[in-house]
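Only one structure is covered here, and it is reproduced in the block below.
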Amino acid sequence: MLDPHGTPPEDVLARASNLRAEIEQHNQAYYVHDQPTIGDAQYDALLRELQALEQRFPAVLTSDSPTQRVGAAPLAAFSAVTHAVAMLSLANAFEEEEVLAFDKRVADTLVQAGVIKPSEPVTYACELKLDGLAISLRYEAGHLVQAATRGDGQTGEDVTANIRTIRSIPLRLNSPAPAVLEVRGEVFMNHADFERLNVMQAQRQEKIFVNPRNAAAGSLRQLDSKITAQRPLRFFAYGWGEVSDSLPATHDGVLQWLAKLGLPVNREQHATVSGALGLLDYYRTVGERRSGLPYDIDGVVYKVNSRQAQRVLGFVARAPRFALAHKFPAQEAMTELLGIDLQVGRTGAITPVARLAPVFVGGVTVTNATLHNEDEITRKDVRIGDTVVVRRAGDVIPEVVGPVLSARPAHAQVFQMVSACPVCGSTIEKPEGEAVARCTGGLFCGAQRKQSLIHAVGRKALDIEGLGDKLVEQLVDRARVKSLADLFTLTVTELAAYDRMGVKSAQNIVQAIEAARQPALDRFIFALGIRHVGQATASDLARHFGSIEGLMRASEEELLSVADVGPVVAQSIEHFFSEPHNREVVAALLDQGIEPQPLATRPQQSGLSGLTFVLTGTLPTWTREQAAEAILSAGGKVSGSVSKKTAYVVAGEDAGSKLTKAQSLGVSVIDESGLKALLGDA
Ligand code: IVH
């Protein structure tokens, strides 16, 4: 009998060691390089095999086994850790001038010390400034023995049990590892992981985090590491503390060495550059990339690359003179939520908009931010009077991220959705299962009228230049323009009397209006703002019906016979023209002498025009792209799904559900040679 507590057999030890190494490799591939090398099921199988061995032979279990990343017994409190080498902070810069001054200071000092020649540019290592938490990892003889937060820089908290659950952090370094190595870096959370975590938190009715940084901090400060183990934390190394070996001569060289030891280093985003212009160039490039990065950064960090030069430069107070954080405008800020207004869109969609105490965020002063819809307000538990986090990333509209619960005043008020439109008083409807509430007032509603007009004169519709949102609002407010037709009665004299209007701009606008009297039929249809009718559908409808009267007369059945028009679109069009008011607007436009121009029908290239094809399976000689190309250039259409309107399904080998569907609908099925015959005949 085998004694499970005795020395396990050689082959078991060897297998366990191989499994540990293999699983850690997959952890690296997945968590550091974002390039999984095996599927989840295979990964789980490896982990289960190792667990089984460890259970059967407890002597196989090592403290650095990947099975130990699930968390340990909860702590009563974190113990204090004194950092062997203090964890410093960085001097900040916001303006280009500060960066130029930094580079000049560095260069002057280094020239004076004889480290570089006058006019020789300084070489810098440039990195992202990740918006997470600084952490120090201590490895002894290659084993992770301790992890501590920064704390006040001298003393931090021991979060070893939590850090061990982060799969991108190696529990053991690759050899040859130094006797002592303290690695410093940032613990953070990716956006996608953060969103998923919040969805899960909401499902379990637990705390919603306002941003990834907050979620990372909360997760790292868990006394129960089993909870941390379920949080998708990541880590990138950017520095070091105590090290027993001698280090490479440059910062960049040290990072390369850390990467070789198996530590995650964000090398793809790093650069070494020369002089101040190199720094500013890096700042600009990263700024452009910022919104596409999978995590939050709040700036970039410049570090003099040569370690000898770093020593010459030394430190001031608690920051190195050789490094600088160049910050981006903050994308998030806190401010007071003064109230919630309701905005009514073109189709009646009602958007709650936060009225905010002015706050500088993302480089501009923000006073309004979207709250998306009523469900979002409830989900985030945002109340009027709350201090809220506002986010403005890149060019996207500012949004309220969530309330700062710790700052909630006693008078904070829960938002009550109204049942009548705040603009026209019509009933508000919110269909079951939809998030968006809508005003049912249609063009009776002033807000919808304004938005419809703004849509109608837009570049993709009637394209009336100079007729801006503000002017449209004034025209509607003064009841001068009640519908699109009224626009065509405007005169230079009256327009010139409007706010910020001169005779010249009034003349230009009237000229632009005149030029829109003979719009292409598709633009005219699009301008009407029928729900679900975008530019492409408008153009299909224009070609199919040839006139606005034809479209207005069309039955649902006829509408459905237009390619790409399905039941939702057909019903929406029918509903639109069944409203007397909408018919009146069209009639008034035609009375005003507006003449929509029929589109030139596409040249009849072949007998394939009007026929829709669906391609499925592998064709013997053509790729599907080639077949599609041939069909299109012969005037036919290619669609991705089979319906009654499909003329032919071209099926190759291994054709799947599309073939079955074609057969069940009685659609003709041909093969590649059948298609070629059609093309030949065509
Ligand atoms: S170096 C002596 N590099 O920024 C230098 N810090 O404002 C110490 N941070 O506490 C830090 N990315 O949490 C450095 N690439 C980077 C960084 C970085 C983010 C954070 C870190 C630090 C804070 C200083």
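The values are calculated or read from the model by the stated rules, or taken from the named source; none is laboratory data. Please read these numbers as outputs of a predicted model, since none were measured by experiment. Neighbour counts run over all protein chains shown; Cβ positions are idealised from the backbone, glycine included. Areas reflect the complete protein model, heavy atoms only, side chains present, ligands, DNA and RNA absent. Shrake-Rupley method; radii C 1.70, N 1.55, O 1.52, S 1.80 Å.
Conditions tested, residue by residue: (1) in a strand (DSSP E or B); (2) under 20 Å from Val99 (Cα atoms); (3) touching a strand residue (DSSP E or B) at 6+ places or on another chain (Cβ under 6 Å).
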{"site": "Ala259", "(1), (2), (3)": "no, no, no"}
{"site": "Val265", "(1), (2), (3)": "no, no, yes"}
{"site": "Ser291", "(1), (2), (3)": "no, no, no"}
{"site": "Tyr302", "(1), (2), (3)": "yes, yes, yes"}
{"site": "Val312", "(1), (2), (3)": "no, yes, no"}
{"site": "His326", "(1), (2), (3)": "yes, yes, yes"}
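Taking the stretch 127-146 as the range and being under 32 Å from the mean Cα position of the chain (by Cα) and away from the ligand (no atom under 11 Å from the Cβ) as the test, only Leu137 passes. Taken over the stretch 638-651, the criterion of being closer than 11 Å to Leu611 by Cα and either open to solvent by 70 Å² or more (accessible area, probe 1.4 Å) or modelled with pLDDT under 85 (or both) is satisfied by Lys645 alone. A count restricted to the stretch 423-441 and to residues that are crowded, with 17+ Cβ neighbours inside 10 Å, more than 30 Å from the chain's Cα centre (by Cα) and outside any loop (DSSP other than H, G, I, E, B) stands at 1.
Is it the case that Thr347 is touching an Asp or Glu at 6+ places or on another chain (Cβ under 8 Å), hydroxyl-bearing (Ser, Thr, Tyr) and either closer than 26 Å to Lys207 by Cβ or surrounded by 16 or more Cβ atoms within 10 Å (Cβ to Cβ) (or both)? Don't jump to the end; show me each part of the working.
Working: touching an Asp or Glu at 6+ places or on another chain (Cβ under 8 Å): no; hydroxyl-bearing (Ser, Thr, Tyr): yes; either closer than 26 Å to Lys207 by Cβ or surrounded by 16 or more Cβ atoms within 10 Å (Cβ to Cβ) (or both): yes.
When the stated conditions are applied, Thr347 does not pass them.
Does any residue of the stretch 64-72 turn out to be free of Cβ contacts under 8 Å to residues at least 24 places away in the same chain, open to solvent by 50 Å² or more (accessible area, probe 1.4 Å) and assigned to a helix (DSSP H, G or I)? For the stretch 64-72, residues free of Cβ contacts under 8 Å to residues at least 24 places away in the same chain, open to solvent by 50 Å² or more (accessible area, probe 1.4 Å) and assigned to a helix (DSSP H, G or I): absent.
Checking each residue in the stretch 403-436 for being touching a strand residue (DSSP E or B) at 6+ places or on another chain (Cβ under 6 Å) and under 30 Å from Pro212 (Cα atoms) picks out Pro403, Val404, Ala407, Ala412, Gln413, Val414, Phe415, Val436.
Residues that are small (Gly, Ala, Ser) and under 16 Å from Ala93 (Cα atoms) were ranked within the stretch 310-337; the one that is farthest from the ligand (Cβ to nearest atom) is Ala330.
Identify all residues within the stretch 503-525 that are open to solvent by 30 Å² or more (accessible area, probe 1.4 Å) and not polar (S, T, N, Q); write none if there are none.
Within the stretch 503-525, Val503, Lys504, Glu514, Ala515, Arg517, Ala520, Asp522, Arg523 meet the criteria.
Take Gln112 and tell me if it is open to solvent by 30 Å² or more (accessible area, probe 1.4 Å) and away from the ligand (no atom under 16 Å from the Cβ). Answer is yes for this residue. Entry remark, the stretch 280-309: residues being closer than 26 Å to Ala107 by Cβ, touching a helix residue (DSSP H, G or I) at 6+ places or on another chain (Cβ under 9 Å) and away from the ligand (no atom under 14 Å from the Cβ) number 3 in total. When you check Gly656 against the structure, is it more than 14 Å from Ala563 (Cβ to Cβ) and at pLDDT 85 or above, yes or no? Here the answer is no, as Gly656 does not meet what is asked.
Applying the criterion of being open to solvent by 30 Å² or more (accessible area, probe 1.4 Å) and of a type in the set (Asp, Glu) to the residues of the stretch 264-296, the residue that is nearest to Pro170 (Cα to Cα) is Glu268. Of all residue pairs spaced 6 or more apart or on separate chains, those with beta-carbon atoms under 8 Å, a first member in the stretch 7-24 that is farther than 14 Å from Leu47 by Cβ and a second member that is open to solvent by 70 Å² or more (accessible area, probe 1.4 Å) and aliphatic (A, V, I, L, M) are Pro9/Leu2. Do the conditions hold for Asp131, that is, is it acidic (Asp, Glu), closer than 25 Å to Val210 by Cβ and open to solvent by 10 Å² or more (accessible area, probe 1.4 Å)? Criteria met by Asp131.
Only one entry in Thr165, Thr149, Thr82 is in contact (Cβ under 8 Å) with a residue 40 or more places away in the chain, of a type outside the set (D, E, K, R) and within 16 Å of the ligand (Cβ to nearest atom), namely Thr149.
Once the stretch 115-126 is narrowed to residues that are touching a helix residue (DSSP H, G or I) at 6+ places or on another chain (Cβ under 6 Å) and not in a strand (DSSP E or B), the residue that is farthest from the ligand (Cβ to nearest atom) is Pro118.
Taking the condition at negative phi, hydrophobic (A, V, I, L, M, F, W, C), outside any strand (DSSP E or B) and open to solvent by 10 Å² or more (accessible area, probe 1.4 Å), does Ala192 pass? So Ala192 passes the test.
Select, from Val396, Val401, the only residue that is of a type in the set (Val, Ile, Thr) and open to solvent by 40 Å² or more (accessible area, probe 1.4 Å). Outline the logic, then answer.
Numbers: Val401 fails: open to solvent by 40 Å² or more (accessible area, probe 1.4 Å).
Checking each option against the conditions leaves just Val396.
Filtered by the rule that a residue be under 20 Å from Leu528 (Cβ atoms) and either in contact (Cβ under 8 Å) with a residue 24 or more places away in the chain or surrounded by fewer than 19 Cβ atoms within 10 Å (Cβ to Cβ) (or both), the stretch 474-488 gives Val476, Val481, Lys482, Ser483, Leu484, Ala485, Asp486, Leu487, Phe488. Looking across the stretch 197-238, the residues that are over 21 Å from Pro74 (Cβ atoms), open to solvent by less than 20 Å² (accessible area, probe 1.4 Å) and within 16 Å of the ligand (Cβ to nearest atom) come down to Pro212, Phe235, Ala237.
On the given criteria, is Ala276 closer than 20 Å to Phe102 by Cα, more than 16 Å from the ligand (Cβ to nearest atom) and of a type in the set (A, V, I, L, M)? In short, yes. Across the stretch 478-527, what is the number of residues that are over 39 Å from the mean Cα position of the chain (by Cα) and on the phi > 0 side of the Ramachandran plot? Of the residues in that region, 1 qualify. The residues of the stretch 85-96 that are within 16 Å of the ligand (Cβ to nearest atom), in a loop (DSSP other than H, G, I, E, B) and not hydrophobic (A, V, I, L, M, F, W, C) amount to a single one, Ser89. With respect to Leu100, determine if the residue is touching a residue at least 40 places away in the same chain (Cβ under 8 Å) and away from the ligand (no atom under 12 Å from the Cβ). So Leu100 passes the test.
Considering the stretch 248-263, the residues that are open to solvent by 10 Å² or more (accessible area, probe 1.4 Å) and touching a Lys or Arg at 6+ places or on another chain (Cβ under 7 Å) include one that is farthest from the ligand (Cβ to nearest atom), namely Ala249.
The sole residue among Ser609, Ser578 that is closer than 30 Å to Ala630 by Cβ, open to solvent by 30 Å² or more (accessible area, probe 1.4 Å) and small (Gly, Ala, Ser) is Ser609. The criterion of at least 3 residues that are closer than 18 Å to Leu590 by Cβ, of a type outside the set (D, E, K, R) and at pLDDT 90 or above is met by the following helices (runs of 4 or more DSSP H) wholly inside the stretch 460-554: 484-487, 521-527, 535-545, 548-553.
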